[in-house]
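Read the structure below first, then the notes.
The values are calculated or read from the model by the stated rules, or taken from the named source; none is laboratory data. Model, not experiment: these values are computed from the prediction. Here the Cβ is made from the backbone with ideal geometry for all residues, glycine too, and neighbour counts use every protein chain on show. Surface accessibility is based on the protein's heavy atoms, side chains included, excluding ligands, DNA and RNA. Shrake-Rupley method; radii C 1.70, N 1.55, O 1.52, S 1.80 Å.
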Amino acid sequence: MPKDKVIEVRHLSKSYTSRERPSGIKGLFKWGKKKKKAIFNDFNLSLDGQQVIGLIGPNGAGKTTLLKLLSGIIYPDQGKIKVLGYRPQKRQKSFLRQLGFLMGNKSHLWWNLPPIDSFQMLKVIYQIEENAFNDTLTKFSRFLEVDHLLFKPVRQLSLGERMRCQLIAAFLHLPKLVFLDEPTLALDIISQEKIRKFICYYQKEYQATIIVTSHYLKDILTTAQEVVILNNGQLVFQGNKDKLVSLTGHQREIKVEFFSPTKRGKLQEYQPYLKKLNDSQAMFLVPKEKIVDLTKFLTTHFSITDLTIKEMEIETVIKEFFKREP
Amino acid sequence: MSWKRWWLIGYSFFKEETAFQLSFLVSKLREFINLIVIFLLWYALLKHNFHLKNYTNQQTLGYFLYSFVIGQIILSTRLWRIGDMIISGNISALFLYPIKMWQLFLSWDIAHKVINFTISLFYLLPFLFFFHLTPFQHFTLTTYIFFILSLILGSLTYSFIVLIFNSLAFYLTEMWSVIFLFNIFLSFFSGQFFPLDAVSSLLAFSPFAYVNFWPSRLLARSELPPHSILILAVGFFWLLIFFLTFTALWRTGLKKFSGWGE
Ligand SMILES: Nc1ncnc2c1ncn2[C@@H]1O[C@H](COP(=O)(O)OP(=O)(O)OP(=O)(O)O)[C@@H](O)[C@H]1O
Ligand SMILES: [Mg+2]
């Protein structure tokens with residue numbers, strides 16, 4: 001018998017129907033038109049291995065929808081989903097016990113009670129043994145530096161502190177497969193760093209598969225070994241992180257604001273790197289080794305009011321992929 | 001599932017509900033005052049030669065007191081939150097727990113009922129004492145059985161009515177106005193305002209009668225109603241209808257459910 005893949009999605013279709021209704025009293029008497037929006041259409045995906053997998057894509061790409069489908073919270077219209085060898089929509093106990101799910105912008109903790117009370121409840125629901133529970137809780141809360149906050153009501157915690165407590169809640173039953181939907185959303189650099197470290201630590205220590213979504217390439221590149229890029233419900237790229245890096249090159253985005261409107265022709269040999277130009281603003285995508293040359297060229301030949309060098313944004317990466325494979 | 005697990009789950013949900021201890025106490029105090037007002041009102045009416053058909057004065061007073069306590073068992077439920085959880089999408093978190101949904105709901109509700117009932121005993125005792133009311137006076141084994149069955153029947157019937165309304169949240173977003181009206185309707189037809197058989201015996205066979213009237217009547221009059229088997233049979237028939245309606249609504253609802261809108 002062949003071993004089950006961690007995640008196997010075949011011919012998945014999913015659309016949301018929503019009604020557009022006027023707000024207030026008017027909305028009570030009007031049904032509004034039904035609107036159907038297809039998110040996935042004949043989507044296929046197969047993921048395997050005990051590793052951190054980065055799921056990236058711009059807003060509305062369908063990342064959250066995919067995770068909701070994979071965890072069985074919502075039903076697909078068509079197609080087959082298998083996760084850890086189970087059909088998630090059946091919600092079998094043995095499946096759910098191996099699954100952890102954190103939605104970055106939703107609180108899984110009781111708002112008015114300290115985190116410890118929520119953890120205690122999870123202990124009962126997941127039937128975690130007393131000793132294992134205490135060990136795990138101590139370990140995780142030390143690692144995430146929230147051990148002094150366990151007895152403070154959740155509503156009094158800062159966003160970053162709360163997120164770290166939520167992370168504990170998602171991992172407390174030592175799941176084999178964990179979905180983290182934007183765990184670093186709206187957090188400062190230090191909190192982000194702590195969370196990333198924890199993700200890597202957990203993956204190694206417990207041999208788990210962790211799927212992390214994000215908008216930021218950098219976020220993913222530091223934690224994930226494998227990367228999946230999603231755009232408009234379509235798989236744009238799937239593969240090793242190094243492959244992504246080599247495909248997109250070690251490129252950087254350079255944004256320039258000229259003092260006065262500039263023409264393409266004036267940019268000489270740097271024209272091929274120019275991705276956008278409107279009046280006095282330009283955006284280049286250049287290999288790392290050209291950065292110095294280009295900035296020198298720009299500063300000597302033009303008068304410049306602003307210049308920024310950034311890592312590639314996800315939107316740029318996606319555009320590049322579409323150009324490569326027409 | 002072990003009894004301990006049931007209790008711990010129920011208890012931890014209860015802890016969340018009473019996180020604001022003061023407001024919990026105040027709401028209990030309000031109930032107590034409500035009870036006194038209703039009771040004194042009826043006391044005054046009876047003093048002025050107003051009598052209910054089929055009920056002696058003592059039985060009338062008893063009826064309202066017991067109806068209140070029965071309400072603390074049957075009508076106290078946490079299930080009203082489910083609708084809001086569906087609309088906000090927060091119910092997704094419960095879908096991820098490795099526990100059957102009905103077990104979760106049932107353990108919430110049992111804990112909730114046990115605690116509410118225990119507290120209501122404290123108000124019950126002074127009333128029993130001052131008005132010389134004696135429940136369970138001529139109870140035989142059959143009366144006890146009927147009483148317990150009618151309590152279970154009432155609790156389940158009411159739970160499924162509540163669940164039906166809450167699963168409407170899968171389909172509608174404006175349901176609270178309907179629910180508000182229904183609750184007024186229910187307090188009327190379940191016999192919280194008057195004993196149903198003092199007005200019409202037809203009312204006593206409506207599905208809502210099981211939610212409060214039958215067990216209260218039994219305590220007030222200390223005797224089995226005529227056709228008690230038929231009464232129970234009709235009750236279970238209604239319960240079955242509610243149960244089937246609910247499962248149909250819930251199953252289709254789950255398929256339509258879109259979770260947290262992100
Ligand atoms: N509950 C819902 N009802 C209707 N449409 C929805 C619902 N949830 C999401 N959508 C739509 O589905 C599309 C994909 O949403 P999804 O939340 O999966 O995107 P995402 O990749 O997670 O985006 P983001 O990065 O912003 O979180 C969006 O266009 C969104 O408007
Ligand atoms: Mg999302």
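Before moving on, here are some points about what is shown:
- Residue within the range A:178-189 that is within 14 Å of chain B (Cβ to nearest Cβ) and farther than 27 Å from A:Thr65 by Cα present: no
- Checking each residue in the range B:79-103 for being within 9 Å of chain A (Cβ to nearest Cβ), in a helix (DSSP H, G or I) and within 25 Å of the chain's Cα centre (by Cα) picks out only B:Met101.
- Listed by first and then second residue, the pairs linking a residue in the range B:91-103 that is under 21 Å from B:Ser159 (Cβ atoms) to a residue that is among the β-branched types (Val, Ile, Thr) and surrounded by 18 or more Cβ atoms within 10 Å (Cβ to Cβ), with Cβ atoms under 6 Å apart and 6 or more places separating them unless they lie on different chains, are B:Phe95/A:Ile73; B:Tyr97/A:Ile125; B:Ile99/A:Ile125.
- Residues in the range B:157-169 that are buried (at least 19 other Cβ atoms within 10 Å of the Cβ) and not small (Gly, Ala, Ser): B:Thr157, B:Tyr158, B:Phe160, B:Ile161, B:Val162, B:Leu163, B:Phe165, B:Asn166.
- The helices (runs of 4 or more DSSP H) falling completely within the range A:57-174 that include 2 or more residues that are within 16 Å of ligand 1 (Cβ to nearest atom) map to A:63-70.
- Matching option when the condition is open to solvent by 30 Å² or more (accessible area, probe 1.4 Å), within 16 Å of ligand 2 (Cβ to nearest atom), in contact with a helix residue (DSSP H, G or I) (Cβ under 8 Å, 6 or more places away or on another chain) and of a type outside the set (D, E, K, R), among A:His250, A:His215: A:His215
- If the condition is being touching a residue at least 24 places away in the same chain (Cβ under 8 Å) and not hydrophobic (A, V, I, L, M, F, W, C), then the range A:126-145 contributes A:Tyr126, A:Thr136, A:Ser141, A:Glu145.
- Residues of the range B:183-210 satisfying the condition of being open to solvent by less than 30 Å² (accessible area, probe 1.4 Å) and within 27 Å of B:Thr247 (Cβ to Cβ): B:Leu186, B:Ser187, B:Ser190, B:Ser206, B:Pro207, B:Ala209, B:Tyr210
For every residue, the table says whether it meets (1) within 10 Å of chain A (Cβ to nearest Cβ); (2) part of a helix (DSSP H, G or I).
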position	(1), (2)
B:Trp6	yes, yes
B:Phe13	yes, yes
B:Glu16	yes, yes
B:Ala19	yes, no
B:Ser27	no, yes
B:Phe32	no, yes
B:Leu40	no, yes
B:Leu45	no, yes
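- Residue match in the range B:223-246 (condition: within 25 Å of B:Asp84 (Cβ to Cβ), away from ligand 1 (no atom under 16 Å from the Cβ) and open to solvent by less than 30 Å² (accessible area, probe 1.4 Å)): yes
- Restricting attention to the range A:199-254, the residues being acidic (Asp, Glu), more than 22 Å from A:Val6 (Cα to Cα) and more than 16 Å from ligand 1 (Cβ to nearest atom) number 1.
- All positions within the range B:79-121 that are among the β-branched types (Val, Ile, Thr) and within 16 Å of ligand 1 (Cβ to nearest atom): B:Ile86, B:Ile87, B:Ile91
- Here A:Pro261 meets each of (1) open to solvent by 70 Å² or more (accessible area, probe 1.4 Å); (2) in a helix (DSSP H, G or I) with one exception, condition (2).
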